[in-house]
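The values are calculated or read from the model by the stated rules, or taken from the named source; none is laboratory data. As the structure is a prediction and not an experimental result, all values here were calculated from the model. Every residue, glycine as well, gets a Cβ built from its backbone with ideal geometry; the counts of neighbours run over all protein chains shown.
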Amino acid sequence: VASKETKPDPTVVQTRDLKIGGSHVGVIAGPCSVESEEQILQVARQVKAAGATGLRGGAFKPRTSPYSFQGMKEEGLKLLALAREETGLAIVTEVMTPEHVDMLCQYADVLQIGARNMQNYHLLQAVGETRTPVLLKRGPSASIEEFLLAAEYILDQGNQQVMLCERGIRTFETHTRFTLPLATVPYLHERTHLPVVIDPSHGTGIASLVPPMCAAAIAAGCDGLILEVHPDPSRAMSDGAQSLTPEVFANTMETCRKVAAAI
Ligand code: PEP
Ligand code: MN
């Protein structure tokens, strides 16, 4: 169902002012985790002012260590809804388990499937049963074939609003947190009508590398970016090292506009 042979024209995912696919490039920005009312409202205003149309923020966090901050859970979802009320930004947030899908749908405009859950088939089917758009992240050890088949699990349940998100894979290389393969963008565009979103924050793990990789992703023809932005990255409760300050994010948006106009 994801194949271009089945449907030659690109799928456009639209929710509120966030439009991703076809000739539309949408930017989703915000903190790794929702941490407080003040933090999420502040960053929402800042990313909106810079031109983002989606607000990301994890309330249920899949942390590598069980001893790390696990997210504000439903309280965090309420804060995201508050930020949406004020800014109109579309809310993108992760759902970790099928039992939470109905609750997440009450707050989120886009359900994010995290890299660790790309092959959680019951979860994929559960979000496939909704009509809420889904951002499906590539598992760090998944092949493109496995990635596309994971998307099929969602499409097969009738939800056609699926975005594919490249967020980096695990390789022998250790200078970056993951290895971000940008050839995925044109390759997936040859194979599928689904929009392709790039996550240079998790893809590199290093804030200074994020702006140039955003420009490169736009040049490669991506349909969207998802970026971590924090009002004070040094105090972030998760992924501070890869989070942009609002100022750097605004400059990055400026550069991306120029690249988009040039291609
Ligand atoms: C995230 O977006 O904060 C996240 C946990 O991403 P990933 O699932 O790609 O690791
Ligand atoms: Mn993160």
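For every residue, the table says whether it meets (1) out of contact with any Gly (no Cβ under 8 Å at 6 or more places or on another chain); (2) small (Gly, Ala, Ser); (3) over 18 Å from residue 187 (Cα atoms); (4) modelled with pLDDT under 95.
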| site | (1), (2), (3), (4) |
| --- | --- |
| 105 | yes, no, yes, no |
| 113 | yes, no, yes, no |
| 146 | no, no, no, no |
| 152 | yes, no, no, no |
| 170 | yes, no, yes, no |
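Considering only residues of the range 33-74 that are without any contact (Cβ under 8 Å) to a residue 40 or more places away in the chain, surrounded by fewer than 22 Cβ atoms within 10 Å (Cβ to Cβ) and over 17 Å from residue 232 (Cα atoms), which is farthest from ligand 2 (Cβ to nearest atom)? Ranking the qualifying residues of the range 33-74, first place goes to 74.
Tallying residues that are outside any loop (DSSP other than H, G, I, E, B) and either within 27 Å of residue 184 (Cα to Cα) or touching a Leu at 6+ places or on another chain (Cβ under 7 Å) (or both) within the range 234-249 yields 6. The residues of the range 229-246 that are within 12 Å of ligand 1 (Cβ to nearest atom) and of a type in the set (Asp, Glu) amount to a single one, 239.
Residue-by-condition table, conditions (1) surrounded by fewer than 18 Cβ atoms within 10 Å (Cβ to Cβ); (2) in contact (Cβ under 8 Å) with a residue 12 or more places away in the chain; (3) not charged (D, E, K, R):
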| residue | (1), (2), (3) |
| --- | --- |
| 131 | yes, yes, no |
| 147 | no, yes, yes |
| 155 | no, yes, yes |
| 181 | yes, yes, yes |
| 185 | no, yes, yes |
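Pull up the range 87-129, narrow it to residues that are touching a Lys or Arg at 6+ places or on another chain (Cβ under 8 Å), touching a residue at least 60 places away in the same chain (Cβ under 8 Å) and of a type in the set (A, V, I, L, M), then point me to the one that is nearest to residue 35 (Cα to Cα). Only one residue tops the list, namely 92. The residues of the range 131-168 that are more than 16 Å from ligand 2 (Cβ to nearest atom) and closer than 18 Å to residue 64 by Cβ, listed by number, are 141, 142.
The rows are residues; the columns are (1) at pLDDT 95 or above; (2) away from ligand 1 (no atom under 13 Å from the Cβ); (3) farther than 23 Å from residue 230 by Cβ.
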{"site": "117", "(1), (2), (3)": "yes, no, yes"}
{"site": "136", "(1), (2), (3)": "yes, no, yes"}
{"site": "160", "(1), (2), (3)": "yes, yes, yes"}
{"site": "198", "(1), (2), (3)": "yes, no, no"}
